[in-house]
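Read the structure below first, then the notes.
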Amino acid sequence: MADTAGAALGIGPGVLLLQLLWGLSLLLCLALSRAAGRVRFAMGPVALGAAVLSAALLLFPREDGRPASAAAEEIVDTFFIGRLVLLAVMSLVVLGCLFLLLIYHLLEPVYAKPLRDS
């Protein structure tokens, strides 16, 4: 069996921290989407901040608990091309969603009300 010391539900604390970060940012974005006025546009910086913080957490150096002999072993990622394809598809989906958000939500026309009822 794999060593699960410091893990909850079979996953590490870093994954739980990322899930908590994105869950809170999703809730904040949902709350901001219901707001009136210019506060609604704060959803973009919230999502961007969550993405930057996620990147910082992913790049943060972790403590290596393995001995020096085990660290010298070569690890080969055999699914590298698949991960790249998945990343490209996910990036295209996000760009498409942002484009649709721009078209159908932010550029929605505001019609003037008639001055009189004649």
Quiz item: Before we move on, is Leu28 surrounded by 13 or more Cβ atoms within 10 Å (Cβ to Cβ), under 20 Å from Leu101 (Cα atoms) and either modelled with pLDDT under 85 or not acidic (Asp, Glu) (or both)?
Solution: yes
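Please pick out the residue among Ser91, Ser54 that is among the hydroxyl-bearing types (Ser, Thr, Tyr), assigned by TED's automatic domain parsing to the domain that holds Ser25, surrounded by 10 or more Cβ atoms within 10 Å (Cβ to Cβ) and at pLDDT 85 or above.
Going through Ser91, Ser54 in turn, just one is among the hydroxyl-bearing types (Ser, Thr, Tyr), assigned by TED's automatic domain parsing to the domain that holds Ser25, surrounded by 10 or more Cβ atoms within 10 Å (Cβ to Cβ) and at pLDDT 85 or above: Ser54.
Would it be correct to say that Gly44 is in contact (Cβ under 8 Å) with a residue 24 or more places away in the chain, part of a helix (DSSP H, G or I) and under 28 Å from Leu106 (Cα atoms)? Explain how you work it out, then say what you get.
Values: in contact (Cβ under 8 Å) with a residue 24 or more places away in the chain: no; part of a helix (DSSP H, G or I): yes; under 28 Å from Leu106 (Cα atoms): yes.
Answer is no for this residue.
The values are calculated or read from the model by the stated rules, or taken from the named source; none is laboratory data. Just so you know, these numbers come straight off a predicted model, no measurement behind them. We place every Cβ from the backbone using ideal geometry, glycine too, and count neighbours over all the protein chains shown.
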